[in-house]
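First comes the structure, then the notes that go with it.
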Amino acid sequence: MLRLTSRTRRLCHGPTRREVLRIGAGSLVGLTLPTLIRAADPSKAKAKSLILFFLEGGPAHQDLWDMKPEAPENVRGEFRPIDTSLPGLQVCEHLPRTSKIAHHLTLVRSVHHSIVDHNAGAYFALTGKPPLAGGSLIVGPRPENFPPFGAVLAKLRPTGRPLPDFVHVPDWMSNLGQFLPGQDAGFLGAECQPFVSGDPSLPGYQVPGLTLPAEVPLDRLEARRSLLDAVDRSIDHAWPVVEGMDTHYRKAYELVSSRAARRAFDLSEEPESVRERYGLDPDNPREKEARQFGGLPHLGQCALLSRRLIEAGVRTVTLCTGARYDQTWDTHRQHFPLLKQSILPMFDRAFSALIEDLHDRQLLDETLVVAMGEFGRTPRVGQITSDAGADANGRDHWPHCYTALFAGGGLPAGAIFGASDSFAAYPALDPVTPQDITATIYELMGIPHDTILHDPLDRPHLLTDGRPIRALLG
């Protein structure tokens with residue numbers, strides 16, 4: 001196990017710092033789109049693609065991968081640690097498969113912030129921007145919201161393939177009647193919106209928008225495309241909304257007419273043994289959410305779909321642990337039974353299969369996998385920090401210290417950066433913010449963390465005010 005700190009120095013050949021876009025305050029307004037595109041330099045990228053495995057609801061790192069077996073009973077909890085394939089690292093006894101791929105992981109154990117709200121915390125995690133506007137928390141989608149990783153990468157590092165640049169699997173996430181902010185493209189608009197895959201584990205799964213009605217054969221679609229092109233040549237698109245619609249029409253055409261796109265979403269091409277390795281749960285009636293002991297029947301096939309999409313050339317996949325209305329890791333009540341019986345079995349299978357499969361297919365080095373939630377859980381069982389109804393057997397919201405998992409993407413495998421204190425409550429070494437996590441991800445993807453984006457009113461926005469974790473980047 002390699003322990004990294006902010007003082008760690010790693011030897012390397014060539015430049016030790018990425019070339020970054022330095023912009024003085026007086027030149028912000030003059031930054032044009034070509035300049036922005038040049039700011040994303042694929043030659044500087046260690047990672048070609050990104051899978052963000054979002055653990056919405058907030059997992060308890062002290063019960064999973066930063067266990068404190070010497071802490072008091074009401075801190076260490078019920079689970080016991082087991083050894084892993086990474087000497088010196090232990091994980092929860094209910095993560096046996098993850099324990100076998102731990103040598104591929106990089107752990108950052110000192111992430112912290114102060115937001116205890118799920119929606120605002122999700123926005124912070126998915127965009128790297130503090131979730132405040134006009135003195136209020138950002139708890140829902142707004143046109144002026146900052147864009148998430150997938151939208152930024154679609155803008156600055158488009159693939160040019162018929163497949164979407166940004167896919168969201170399986171569905172939009174929501175909480176308390178609102179979609180979580182930080183999922184849609186925000187001020188980058190329709191051109192960079194995620195393509196929402198739907199649930200590939202359902203019988204008869206068909207991807208929304210990838211099938212033609214029987215009465216519209218491909219040759220008729222081609223004729224309609226020719227007509228659209230003729231109209232395009234005769235009209236000066238004056239309104240952004242028209243241009244946005246045009247983008248959607250063109251992307252829809254490319255998807256429907258692309259055999260490669262349809263194949264990427266077709267899990268029937270996978271051997272049954274592979275599908276079983278990721279996890280199948282065909283007998284699950286799907287009548288209950290994970291927090292009602294309904295399990296995660298969709299997760300294995302969603303993880304498999306994510307691998308297929310990356311293999312086909314998609315730039316970014318956001319893989320959600322739960323279904324639309326399920327804040328899976330938000331275990332205020334029955335915390336340990338829910339983890340043991342409903343959440344960890346399929347997560348352990350799906351997450352480990354994804355890492356293992358990417359490695360076996362020689363995709364892990366060029367694919368950055370990040371697994372994190374919006375925050376963690378309270379150090380003490382039964383500790384109350386919100387009005388969400390935590391009971392004596394639950395762990396409430398806790399943003400003051402949690403762990404982010406990384407794998408692949410050119411990072412040092414088997415490394416741990418930062419540390420929590422003896423109760424897993426606060427950073428004890430090298431505190432890291434969501435902004436720093438964001439900056440690290442963008443640098444790995446070949447985008448300088450101080451790049452400037454412009455909104456539709458041409459106002460400049462710094463990509464992130466965080467700093468990359470240089471001990472990880474080398």
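Laid out as a table, the results:
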quantity	calculated
Of the criteria (1) in contact (Cβ under 8 Å) with a residue 40 or more places away in the chain; (2) out of contact with any Cys (no Cβ under 7 Å at 6 or more places or on another chain); (3) over 15 Å from Gly58 (Cα atoms), which one Ser386 fails	(3)
Residue within region 79-94 that is among the polar types (S, T, N, Q) and touching a residue at least 24 places away in the same chain (Cβ under 8 Å) present	no
Qualifying residue in region 168-177 (condition: of a type in the set (A, V, I, L, M) and farther than 30 Å from Asp387 by Cβ)	yes
Residue satisfying all of: in region 95-142; in contact (Cβ under 8 Å) with a residue 24 or more places away in the chain and hydroxyl-bearing (Ser, Thr, Tyr); nearest to Phe336 (Cα to Cα) among these	Thr98
In region 98-147, the residues that are under 21 Å from Pro431 (Cα atoms), part of a helix (DSSP H, G or I) and not aromatic (Phe, Trp, Tyr)	Ala120, Gly121, Ala122, Ala125, Leu126, Thr127
Test: Gly198 is within 17 Å of Phe53 (Cα to Cα) and either of a type in the set (S, T, N, Q) or without any contact (Cβ under 8 Å) to a residue 60 or more places away in the chain (or both)	yes
Qualifying residue in region 396-416 (condition: in a strand (DSSP E or B) and over 24 Å from Pro148 (Cα atoms))	yes
Top-ranked residue of region 417-455 - restricted to ones that are in a strand (DSSP E or B) and among the β-branched types (Val, Ile, Thr), ranked as farthest from Arg467 (Cα to Cα)	Ile452
First in region 459-474 and surrounded by fewer than 16 Cβ atoms within 10 Å (Cβ to Cβ), second anywhere and basic (Lys, Arg) and assigned to a loop (DSSP other than H, G, I, E, B), Cβ under 7 Å, 6 or more apart	Gly474/Arg10
Failed criterion for Leu309 (all others in (1) crowded, with 24+ Cβ neighbours inside 10 Å; (2) at positive phi hold)	(2)
Among residues of region 373-386, those that are part of a loop (DSSP other than H, G, I, E, B) and within 30 Å of Ala47 (Cβ to Cβ), counted	3
Among (1) over 26 Å from Lys155 (Cβ atoms); (2) touching a residue at least 60 places away in the same chain (Cβ under 8 Å); (3) surrounded by 20 or more Cβ atoms within 10 Å (Cβ to Cβ), the one test that Thr318 misses	(1)
Test: residue in region 88-97 that is of a type outside the set (Phe, Trp, Tyr), farther than 17 Å from Leu405 by Cβ and part of a loop (DSSP other than H, G, I, E, B)	yes
Tally, over region 169-199, of residues that are touching a strand residue (DSSP E or B) at 6+ places or on another chain (Cβ under 8 Å) and either acidic (Asp, Glu) or more than 22 Å from Asp455 (Cβ to Cβ) (or both)	8
His94 being closer than 30 Å to Gly135 by Cβ and touching a helix residue (DSSP H, G or I) at 6+ places or on another chain (Cβ under 6 Å)	no
Residue among Gly182, Gly209, Gly198, Gly160 that is at positive phi, modelled with pLDDT under 85 and part of a loop (DSSP other than H, G, I, E, B)	Gly209
Subset of region 47-88 (residues that are among the polar types (S, T, N, Q) and surrounded by fewer than 21 Cβ atoms within 10 Å (Cβ to Cβ))	Asn74, Ser85
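Residue-wise test of (1) in contact with a Gly (Cβ under 7 Å, 6 or more places away or on another chain); (2) aliphatic (A, V, I, L, M); (3) modelled with pLDDT of 95 or more.
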residue	(1), (2), (3)
Leu64	no, yes, yes
Val75	no, yes, yes
Leu86	yes, yes, yes
Gln90	no, no, yes
Leu95	no, yes, yes
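The values are calculated or read from the model by the stated rules, or taken from the named source; none is laboratory data. Being a predicted model, the structure only gives us computed values, none of them experimental. Reconstructed Cβ throughout: ideal geometry from the backbone, glycine too, with neighbour counts over all protein chains shown.
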